[in-house]
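Beneath this line is the structure, given in structure tokens, with notes to follow.
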Amino acid sequence: MVSPQVIFEDNHLLGLNKPAGMLVHEDSTGDATLEDWGKSYIAHQYNKKGNVFLTPCHRLDRPVSGVCLFARTSKSLPRVQELFRLRQVKKVYYAVVSTRPEQLQGTLEHYIDKGEAGQPVKALSRPSRRHPKAKHATLRYELAAEMDQLFMLRVEPDTGRPHQIRAQLAAAGMPIRCDLKYGAKLKPDFGGIYLHAWSLSFIHPVKKEMVTMTADPPNTVLWKKLAGFMESTGVEY
């Protein structure tokens, strides 16, 4: 597996580029996690002895790559979590789909029901008595690039529901490439799906300065082709 990359670091926060296929934190599989990698990095970089404080401020699904933010102190953790809760963190993702959107840009609105553990979440078009725990979810998208019957969408979720982008795009008839769980037909070719957390932007919880963290997409042939196409046509990430 590709190693994580450090994309932001100060005394309070650590931003990592998570490889597709890596867990953010421990689960029942016992597989290596991004959190463990980050703790090892901090311990080695600063010659720290004993336990290292490092806690994820949000989550990325295992098959998703991109920006993942960690708090390095107990002071910064609740402050960043509050920014996420208040929706004061701008999140930008890129997703590759095989279906051209009917509208080149738009807003998707659903109600997300987590359902049973391990099962796909449901993206409902309206509230339902059968799904009383479903939570409102919205995202904005626009077509960023089109090449060889593949379409790259720039996606900005306003909420942070489990599997939100994956479920909402699938419900709109645009399952993410290689995302078999949500209706894609093509099996993964690099250990993940074509959904990448490109950037996070927010006011630093301690320094009160604007911070933007960006993460390069995985080094696959398809990602590189699409990035090169965008560059050649003058479209910026």
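The values are calculated or read from the model by the stated rules, or taken from the named source; none is laboratory data. Since we're looking at a predicted model, the values are computed, not measured. In this analysis, Cβ positions are derived from the backbone assuming ideal geometry, glycine residues included, and neighbour counts consider all displayed protein chains.
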Hey, H163 at pLDDT 95 or above and under 13 Å from the mean Cα position of the chain (by Cα) or not: yes
For the subset of the stretch 161-193 comprising residues that are hydrophobic (A, V, I, L, M, F, W, C) and part of a helix (DSSP H, G or I), which member is nearest to L222 (Cα to Cα)? L180
Anything in the stretch 105-126 that is part of a strand (DSSP E or B), surrounded by fewer than 18 Cβ atoms within 10 Å (Cβ to Cβ) and among the hydroxyl-bearing types (S, T, Y)? List them, or say none. T107
Residues of the stretch 7-34 classified as at pLDDT 95 or above, touching a helix residue (DSSP H, G or I) at 6+ places or on another chain (Cβ under 7 Å) and more than 19 Å from D189 (Cα to Cα), total: 5
For the stretch 134-175, give me the residue count where each residue is surrounded by fewer than 20 Cβ atoms within 10 Å (Cβ to Cβ) and basic (K, R). 3
Which one of these is under 17 Å from the mean Cα position of the chain (by Cα) and either without any contact (Cβ under 8 Å) to a residue 60 or more places away in the chain or surrounded by 15 or more Cβ atoms within 10 Å (Cβ to Cβ) (or both): H131, H196? H196
Please determine whether any residue of the stretch 128-149 is within 23 Å of P56 (Cβ to Cβ) and part of a loop (DSSP other than H, G, I, E, B). no
Neighbours by Cβ (under 6 Å, 6+ apart or cross-chain): first from the stretch 71-87, closer than 14 Å to P56 by Cα and free of Cβ contacts under 8 Å to residues at least 24 places away in the same chain; second of a type outside the set (G, A, S) and buried (at least 16 other Cβ atoms within 10 Å of the Cβ): L77/T55
Quickly run through the stretch 131-159 and pick out the residues that are charged (D, E, K, R) and touching a strand residue (DSSP E or B) at 6+ places or on another chain (Cβ under 9 Å). K133, K135, R140, E142, E146, R154, E156, D158
Condition first: of a type in the set (A, V, I, L, M, F, W, C) and more than 17 Å from the chain's Cα centre (by Cα). Now tell me which residues in the stretch 3-52 satisfy that. L13, A32, W37, I42, A43, V52
Do any residues in the stretch 211-231 that are farther than 18 Å from A95 by Cβ have Cβ atoms under 8 Å from those of residues that are assigned to a loop (DSSP other than H, G, I, E, B) and basic (K, R), where the two are at least six apart or on different chains, and which pairs are they? none
